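What follows is a single structure, written as structure tokens, with notes after it.
The values are calculated or read from the model by the stated rules, or taken from the named source; none is laboratory data. What you are looking at is a predicted structure, and each value in this text was computed from that prediction instead of being measured. Glycine also receives a Cβ, built like all others from the backbone with ideal geometry; neighbour counts cover every protein chain displayed.
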Amino acid sequence: MESQLNAITVLSGGTGGARFLQGLLHGIHSGLVSPTARVTIVANTADDVWMHGLKISPDLDAVMYTLGDGIDPEHGSGRRNETRSAQEELAAYGVEPTWFTLGDREIATHLVRTQMLEAGYPLSQITAALCKRWLSPAYGDTVRLVPMSDDRVETHVAIADPDAPSGRRVVHVQEYFVRLHAEVPAEAVAVIGLDESVPAPGVLAAIAEADLVILPPSNPIVSLGPILGVPGIVDALRATSAKVVGVSPVIGDRFVGSANAGASTGSMGEQLMTATGVEVSAAGVAKLYAARSAGGVLDGWLVDSTDAAVVAEVEALGMACRAVPLLMTDHAATATMATAAIELVG
Ligand code: GDP
Ligand code: CA
């Protein structure tokens with residue numbers, strides 16, 4: 001047991017990050033990981049989108065609902081016992097877009113967020129308010145969810161379009177994922193507003209003051225990529241006295257796919273890694289993040305047991321590496337995986 005861990009900071013996307021966090025918190029609760037550890041989650045907001053006048057933050061919501069036991073367990077996103085009456089009514093009015101999934105229960109969250117934004121509150125304060133419902137009952141103030149930035153940042157994907165004068169068209173990452181099912185080859189990824197964004201209050205301190213920083217198996221291009229792209233965050237990771245350890249979202253030459261509303265987070269990863277010119281492998285993702293000793297952000301990297309052959313290649317990048325089972329099949333398996341990550345750099 002790592003009794004010295006008091007502050008753990010996790011940089012998270014939506015479904016993959018949320019499931020990892022669930023396992024980590026299970027490990028803390030069951031004493032596998034230091035029971036005194038407080039967890040700060042810095043979540044991606046570059047998947048955020050405005051729809052029908054509502055501000056939607058899919059990754060913040062995925063983390064809140066998962067940790068607050070409100071998630072739809074079948075899809076790993078959205079609320080359980082959800083209905084879609086409002087979406088059906090909008091479609092009956094012919095209001096576009098019709099492809100975006102809008103659950104009635106989710107709309108309540110979107111309304112609270114949108115109204116508070118319009119009243120002038122920053123996203124970080126709104127998130128804290130929403131978490132009073134989802135995190136406080138189970139975790140008190142030991143788990144904190146913070147958006148990477150209060151600024152508007154949105155990821156767009158360029159795809160081929162023979163009908164467009166330029167031969168390509170740019171779609172919001174939500175349209176790429178939900179409407180196009182990440183099946184169309186991606187040509188490029190652009191995160192609008194990222195260069196001008198600033199970390200939300202508390203983000204840099206959570207990295208600087210952590211005893212350990214974890215990069216869970218989130219999508220490296222559209223989840224962790226934007227977080228690392230917020231000016232100041234990589235510098236904070238390089239400067240912190242905490243060790244930084246990551247878990248591969250890729251096993252073999254595939255992203256671990258979880259079926260999600262017709263689209264797969266796995267195919268999303270593969271298309272976007274390929275578009276970005278990164279090899280789809282556990283070593284490819286490790287190279288993308290790179291070792292702290294070589295100007296990157298990682299001190300350690302976990303790969304799946306079936307990828308034991310790449311351990312030496314990853315170590316040669318200048319970081320610790322170990323092969324362990326990386327499938328988050330249940331809380332206990334995920335907690336064991338989180339413990340292995342902690343021990344790797346402990
Ligand atoms: P998103 O915002 O919903 O796309 O969620 P994340 O970016 O946080 O996580 C998506 C990634 O989680 C996918 O690219 C998968 O590769 C990864 N993933 C999902 N399930 C597992 C699992 O059981 N093990 C590992 N290692 N990765 C997983
Ligand atoms: Ca996401």
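Just a few scattered comments:
- Test result for residue 171, within 17 Å of the chain's Cα centre (by Cα) and touching a residue at least 12 places away in the same chain (Cβ under 8 Å): no
- Verdict on residue 48 being touching a strand residue (DSSP E or B) at 6+ places or on another chain (Cβ under 8 Å), within 20 Å of residue 79 (Cα to Cα) and charged (D, E, K, R): yes
- Of the strands (runs of 3 or more DSSP E) lying entirely inside the stretch 5-63, those containing at least 1 residues that are small (Gly, Ala, Ser) span 7-12, 38-43.
- Members of the stretch 57-91 that are more than 15 Å from ligand 2 (Cβ to nearest atom) and either of a type in the set (S, T, N, Q) or in contact (Cβ under 8 Å) with a residue 40 or more places away in the chain (or both): 67, 68, 69, 70, 81, 83, 85, 87
- Of everything listed in (1) at pLDDT 95 or above; (2) within 14 Å of ligand 1 (Cβ to nearest atom); (3) out of contact with any helix residue (DSSP H, G or I) (no Cβ under 6 Å at 6 or more places or on another chain), the single unmet condition for residue 309 is (2).
- Here residue 195 does not qualify as more than 16 Å from ligand 1 (Cβ to nearest atom), in contact with a helix residue (DSSP H, G or I) (Cβ under 9 Å, 6 or more places away or on another chain), under 21 Å from residue 50 (Cα atoms) and in contact (Cβ under 8 Å) with a residue 40 or more places away in the chain.
- Residue check, residue 257 modelled with pLDDT under 95 and either within 18 Å of residue 16 (Cα to Cα) or in a helix (DSSP H, G or I) (or both): yes
- Listed conditions (1) within 16 Å of ligand 2 (Cβ to nearest atom); (2) surrounded by 24 or more Cβ atoms within 10 Å (Cβ to Cβ) are all met by residue 286, apart from (1).
- Of the criteria (1) touching a strand residue (DSSP E or B) at 6+ places or on another chain (Cβ under 9 Å); (2) of a type in the set (Ser, Thr, Tyr); (3) away from ligand 2 (no atom under 16 Å from the Cβ), which one residue 267 fails: (3)
- Residue count for the stretch 281-326, restricted to those that are closer than 16 Å to residue 343 by Cβ, assigned to a strand (DSSP E or B) and not β-branched (Val, Ile, Thr): 8.
- Restricting the stretch 230-251 to residues that are outside any loop (DSSP other than H, G, I, E, B) and of a type in the set (Gly, Ala, Ser), the residue that is farthest from ligand 1 (Cβ to nearest atom) is 239.
- Considering (1) touching a Gly at 6+ places or on another chain (Cβ under 7 Å); (2) over 17 Å from residue 212 (Cα atoms); (3) surrounded by fewer than 18 Cβ atoms within 10 Å (Cβ to Cβ), the lone condition that residue 329 does not fulfil carries the number (1).
- Filter pass, residue 227 being assigned to a loop (DSSP other than H, G, I, E, B), within 15 Å of ligand 2 (Cβ to nearest atom), touching a residue at least 24 places away in the same chain (Cβ under 8 Å) and not polar (S, T, N, Q): no
- When 16, 23 are checked against the criterion of being within 16 Å of ligand 2 (Cβ to nearest atom), out of contact with any strand residue (DSSP E or B) (no Cβ under 7 Å at 6 or more places or on another chain) and either closer than 17 Å to residue 135 by Cα or in contact (Cβ under 8 Å) with a residue 40 or more places away in the chain (or both), 16 stands alone in meeting it.
- If you check 324, 297 for being buried (at least 19 other Cβ atoms within 10 Å of the Cβ), away from ligand 2 (no atom under 16 Å from the Cβ) and at pLDDT 95 or above, only one passes: 297.
- Hits in the stretch 32-50 (condition: crowded, with 16+ Cβ neighbours inside 10 Å and closer than 16 Å to residue 178 by Cα): 46, 47, 48, 49
- Residues satisfying the stated conditions in the stretch 143-177, i.e. hydroxyl-bearing (Ser, Thr, Tyr) and surrounded by 17 or more Cβ atoms within 10 Å (Cβ to Cβ): 149, 155, 176
- Selection status of residue 248, crowded, with 24+ Cβ neighbours inside 10 Å and at pLDDT 95 or above: yes
- Flag if residue 35 is of a type outside the set (Lys, Arg) and within 13 Å of ligand 2 (Cβ to nearest atom): no
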